[in-house]
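Asker: There's a structure below that I have some questions on.
The values are calculated or read from the model by the stated rules, or taken from the named source; none is laboratory data. The structure displayed is predicted, hence computed values, not measured ones. FYI the Cβ positions are ideal-geometry reconstructions off the backbone, even for glycines, and counts take in every protein chain you see. Side chains are part of the model used for accessible areas, which takes the heavy atoms of the whole protein and leaves out ligands, DNA and RNA. Shrake-Rupley method; radii C 1.70, N 1.55, O 1.52, S 1.80 Å.
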Amino acid sequence: MNSRPVWLGKPKPIAIALKALALALICAVVIFPFLVVISTSVATKQQIDANGGYVIWPTEISFEAYKQIFNGTQVSRSIVISVGVTAVGTAFSLACTVLAAYGLSRRQSLFQRGLLSFVLFTLLFAPGMIPVYLMVKQLGMLNTYWSLIIPTAVSAFNIVIVRGFIQAIPHELFDAARMDGAGEWRILRSVVLPNSRAVVAVVGLFIAVGYWNNYFGPLLYLNDTEMWPLQLVMRTFVLENNVTTNAQAIPGYVAPPAQSVQMALVAIATLPILCVYPFLTKHMSKGMLTGAIKG
Amino acid sequence: MAVNQTLPRVNPPPENKLHPQRKTPFLTRLWRDSPLLVMVAPAVIILLLFTYIPLLGSVIAFMDYVPFLGFTGSEWVGWANFSSLFSDTAFWNALWNTAQITFLQIVLFFPVPIVLAVLLNTVAMPLAKRFVQSVIYLPHFLSWVIIVALFQQILGGNGVLNRFLITHALTPFEIMSNPDAFKLLLTTQAIWKDAGWGTIIFLAAIAAINPGLYEAATIDGAGAWQRFWHVTLPGMRPIIVLMLILRLGDALTVGFEQILLQRDAVGPGAAEVLDTFTYFNGVVDGSWGTATAAGLLKGVVSLLLVLAANKLAHRLGEEGVYRR
């Protein structure tokens with residue numbers, strides 16, 4: 001396969017080689033850290049000690065570190081918390097986004113212009129961190145998981161993207177549904193949602209990644225370390241080098257090396273992103289650009 | 001970028017030109033559109049609660065805010081918070097650090113996605129191109145905790161690089177906790193995370209260039225370099241200017257989470273920026289008024305920067321974020 005136009009002529013082999021080398025280097029710079037993380041997470045204590053803290057290619061594979069993570073300590077709880085917050089948050093945020101996008105999609109509807117400006121204005125000016133914190137406090141949401149979900153649930157940018165797609169659905173479909181006696185909620189369910197599945201999926205994935213990666217929200221709003229999600233626990237474990245695993249009193253039990261536990265944690269935090277990544281790449285650049293440009 | 005195109009159209013769509021439309025009574029329209037209003041309600045309420053009211057809540061920048069007394073009980077102090085802010089050397093340090101980091105990022109980071117996009121665009125094999133794209137977009141989706149952990153693993157005291165230097169009898173050097181190198185480290189991390197993602201918009205700009213221009217240039221005898229200089233670059237210019245304006249608007253926002261995670265390693269002298277200053281003064285130390293004043297100042301200056309950059313772009317004959 002070659003998309004090079006004829007009039008360009010053949011490129012010099014040296015140019016091709018240089019380009020390939022540059023791109024390979026760039027890819028290596030991105031991939032190499034992941035290789036180190038995965039290798040270290042499955043390596044044995046002897047090899048890590050011999051190498052001085054990391055392993056590029058494990059000679060012997062052991063999954064002790066992963067077992068350690070999933071055996072009911074703070075880390076396992078934090079994973080459950082992160083999954084829960086991400087799932088509920090994404091559902092809530094996506095519902096708000098799609099509803100608002102459809103509600104604002106009809107140009108002649110009542111108050112549409114005013115409400116749209118109300119939403120778009122938030123793109124220009126963000127409130128400071130302190131007033132938002134005080135608001136969350138005022139509403140009694142401090143130390144609850146709602147503080148991680150609700151304040152960031154609505155983004156004008158996401159609404160704009162979904163709205164753009166809804167407006168691109170052919171008029172005739174709406175007219176036909178209305179002729180058949182469908183109300184707005186029925187139209188949303190039977191016309192809008194089936195026709196904007198791709199954009200809803202992509203925006204939903206972006207929202208989910210945001211919730212999963214959220215680190216400052218819990219730091220700001222949650223005092224109780226028992227409530228901490230994965231990102232915060234990972235910070236304590238990996239960056240502050242504070243690996244606390246439940247003391248194994250079983251005689252003869254050899255705890256996995258701290259480095260393995262740390263890297264296993266990083267691997268687990270990355271895994272969900274890697275799982276949704278193929279779906280993201282499939283639609284994202286196209287979806288994001290058309291949504292943003294067409295409006 | 002989405003702002004200007006999505007504003008409601010000034011002219012309603014031309015319908016019922018033959019029969020002048022009778023105005024639908026307000027109550028009928030309210031009844032007809034009430035489901036739509038209900039749908040918008042959750043988003044509007046959330047924006048009201050967490051964007052608009054906090055915006056008004058910025059008035060505590062002019063108060064000696066005591067959480068116990070609340071908005072109504074706290075005392076008005078005029079510009080006192082701002083004057084104490086301006087006499088605080090820590091604030092000026094934070095501002096100076098912010099400015100330095102922004103400058104470094106504009107000089108070192110900003111051109112990288114442009115160069116990458118141009119390079120990627122010359123890859124003729126679709127499969128190879130898609131593979132490289134998939135790889136370089138990935139880091140954008142990782143959290144800062146992971147990114148910092150990865151960097152520590154590679155560049156930290158016990159990381160791959162230093163182990164390599166030690167085993168080859170070379171002097172190791174401490175990058176992750178070196179205050180002098182901190183700003184460069186931040187920039188490097190930002191490039192690693194987001195330079196690939198940044199290519200999307202520039203690739204789209206290149207793809208929008210009329211291929212006929214390249215063909216004509218080639219026929220006129222232009223080489224690869226001349227085609228780049230006279231066709232590709234001018235074609236990308238509006239987007240480059242746009243992205244630069246948006247970047248300037250964010251000049252005072254420099255990787256808050258990223259810095260917060262690494263601030264302890266190098267100390268506030270090198271790592272304090274406006275956002276961390278606000279966080280530590282307000283949430284940690286409880287100087288709500290001063291911290292809000294710093295946050296408000298940042299918001300206003302950022303808005304002014306966008307407007308100024310846009311004005312400059314117009315002067316230079318570019319379109320900018322919004323039209324005149």
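Asker: With a sphere of radius 10 Å drawn around the Cβ of residue B:252, what net charge do the other residues whose Cβ falls strictly inside it have (Lys, Arg +1; Asp, Glu -1)?
Answerer: Charge balance in the 10 Å sphere: -1.
Asker: Ignoring any ligand, DNA or RNA, what whole percent of the accessible area of chain B comes from carbon and sulfur when the probe is 1.4 angstrom?
Answerer: 67 percent
Asker: For residue A:10, go through the aspartates and glutamates and keep the ones whose alpha-carbon is under 20 Å away, minus same-chain ones fewer than eight residues off.
Answerer: Within the straight-line limit of under 20 Å, residue A:10 reaches these aspartates and glutamates: B:215, B:220.
Asker: Grab the beta carbon distance between residue B:53 and residue B:27, set R0 = 30 Å, and tell me the FRET efficiency rounded to 0.05.
Answerer: For residue B:53 and residue B:27, the calculated efficiency is 0.50.
Asker: Using 7 Å Cα-to-Cβ label points, what is the residue B:169/residue A:137 separation (nm, one decimal)?
Answerer: The modelled label-to-label distance comes out at 6.0 nm.
Asker: Using only Cα atoms and rounding to the nearest 10 degrees, what angle (0 to 90) does helix A:258-294 make with the longest principal axis of chain A?
Answerer: For helix A:258-294, the angle is close to 20 degrees.
Asker: Kindly state, to the nearest 0.05, the FRET efficiency for residue B:68 paired with residue B:300, given R0 = 25 Å and r defined as their beta-carbon distance.
Answerer: It comes to 0.30.
Asker: May I pose another question? What lysines does residue A:282 reach when the alpha-carbon gap must be under 16 Å and sequence neighbours fewer than 8 apart in one chain are set aside?
Answerer: Correct list for residue A:282: B:129.
Asker: Over the residues of region A:111-199, compute the C-alpha Rg and express it relative to 2.2 N^0.38 Å.
Answerer: 1.46
Asker: Mean Kyte-Doolittle of at least -0.5 plus a Cα span of 30 Å or more along the axis: flag which DSSP H helices in chain B meet both, please.
Answerer: Flagged H segments are B:182-207, B:288-315.
Asker: Separate question: Which order do A:281, A:97 take by accessible area at a 1.4 Å probe, largest first?
Answerer: Result of the area sort, largest leading: A:281, A:97.
Asker: Quick one: accessible area per residue over region B:22-117, 1.4 Å probe, rounded to a whole number of Å²?
Answerer: About 56 Å² of surface per residue is accessible.
Asker: Size of the dipole of chain B about the Cα centre, Lys and Arg at +1 and Asp and Glu at -1 on the beta carbon, nothing else charged, in debye to 20?
Answerer: The calculated dipole for chain B is roughly 1380 debye.
Asker: Once you average over the residues of A:119-125, how many Cβ atoms of partner chains fall within 10 Å of each Cβ?
Answerer: 5
Asker: Just counting partner chain Cβ atoms within 10 Å, what average do the residues of peptide A:17-30 show around their Cβ?
Answerer: 4
Asker: Which value results when the Cα radius of gyration for the protein assembly as shown is divided by 2.2 N^0.38 Å?
Answerer: Against the empirical 2.2 N^0.38 Å value, I get 1.06 for the protein assembly as shown.
Asker: At 1.4 Å probe size, with every protein chain present, just tell me what the per residue accessible area of chain A comes to in Å².
Answerer: For chain A, the per-residue accessible area is 48 Å².
Asker: Could you name the aspartates and glutamates whose alpha carbon sits less than 12 Å from that of residue A:45, not counting residues in the same chain fewer than 8 places away?
Answerer: A:60, A:64
Asker: In addition: Short version: what are the Cα gyration tensor semi-axes of region B:170-324, square root of 5 times each eigenvalue, largest first, in whole Å?
Answerer: That gives 40, 24, 10 Å for the three semi-axes.
Asker: If you count, for every residue in A:138-144, the Cβ atoms of partner chains within 10 Å of its Cβ, what is the mean?
Answerer: 1
Asker: Still on this structure, I have one more. Which net charge results for the neighbourhood of residue B:85, defined as the other residues with beta-carbon distances under 15 angstrom from its beta-carbon, given Lys and Arg at +1 and Asp and Glu at -1?
Answerer: Surrounding charge for residue B:85 is -4.
Asker: Which angle between 0 and 90 degrees, to the nearest 10, do you get for helix A:112-124 versus the longest principal axis of chain A when only C-alpha atoms count?
Answerer: Long axis of A:112-124 versus the principal axis of chain A: about 30 degrees.
Asker: State the answer as a single residue: which of B:61, B:316, B:185 lies farthest towards the positive end of the charge dipole of chain B, with beta carbon charges of +1 for Lys and Arg and -1 for Asp and Glu, about the Cα centre.
Answerer: Towards the positive end, the residue furthest out is B:316.
Asker: If eta is 1.306 mPa s and T is 10 °C, what Stokes-Einstein diffusion coefficient results for region A:61-162, Kirkwood Rh from Cα pairs, in µm²/s?
Answerer: 96 µm²/s
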